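The values are calculated or read from the model by the stated rules, or taken from the named source; none is laboratory data. None of these values were measured; they are calculated from a predicted model. Note that each Cβ is placed from the backbone with ideal geometry, even for glycine, and that neighbours are counted across all protein chains shown.
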Amino acid sequence: MSILDNNVSKYVKMLACLAFVPKEDVIDGFTVLEITYPEKLKQIFKYFEENYKGAKGRGRNSGRKKPRFDIEIWNCYKRSKHNIPDKLIFFFS
C-alpha cells in the first residue's frame, strides 16, 4: 500500500469517526479534516458536507443549509457514552 493510499484510508476512517464526536463539535471536527484532506477525497468530503453536515449557503444565504440527514440522527456519541444499544438491534434480535 502506498503512502498516499494509506493517507486516504486514514482520512476516510477519521470522517467515519465524526459519528462518535459530540454533536456540537462535529462541524468543527469536519472543518479540521477539510483543511488537510487529500485531493483524492474531494468528492467524498463534498458529499459528506451536503448530506450529513449541511453545505454552506452562498450569497445572501450565508448560513448553513439543512443536511439531508440531521446530525442528531447519525451521531452516536450519547449512545456510546451511556452504553445505549441501537434500536435496530432489538428489532432484529
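Filter region 1-53 for residues that are among the polar types (S, T, N, Q) and part of a helix (DSSP H, G or I); which is nearest to residue 69 (Cα to Cα)?
Within region 1-53, the subset among the polar types (S, T, N, Q) is 2, 6-7, 9, 31, 36, 43, 51.
Within this subset, residues satisfying the condition of being part of a helix (DSSP H, G or I) are 6-7, 9, 31, 36, 43, 51.
Numbers: 6: 29, 7: 27, 9: 24, 31: 18, 36: 24, 43: 18, 51: 6 Å.
Within region 1-53, the match that is nearest to residue 69 (Cα to Cα) is 51.
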* **Output for region 16-29, where each listed residue is buried (at least 16 other Cβ atoms within 10 Å of the Cβ) and under 22 Å from residue 5 (Cβ atoms)** => 18
* Structure fact -> Per the list (1) surrounded by 13 or more Cβ atoms within 10 Å (Cβ to Cβ); (2) free of Cβ contacts under 8 Å to residues at least 40 places away in the same chain; (3) under 25 Å from residue 79 (Cα atoms), residue check on residue 8 breaks on (3)
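Residues to consider are 78, 87, 42; find the one that is more than 14 Å from residue 12 (Cβ to Cβ) and at pLDDT 75 or above. Talk me through it step by step, then tell me what you get.
Values: 87 fails: at pLDDT 75 or above; 42 fails: more than 14 Å from residue 12 (Cβ to Cβ).
Sole residue among the options that is more than 14 Å from residue 12 (Cβ to Cβ) and at pLDDT 75 or above: 78.
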* **Identity of the residue in region 1-33, acidic (Asp, Glu) and modelled with pLDDT of 90 or more, that ends up farthest from the chain's Cα centre (by Cα)** => 24
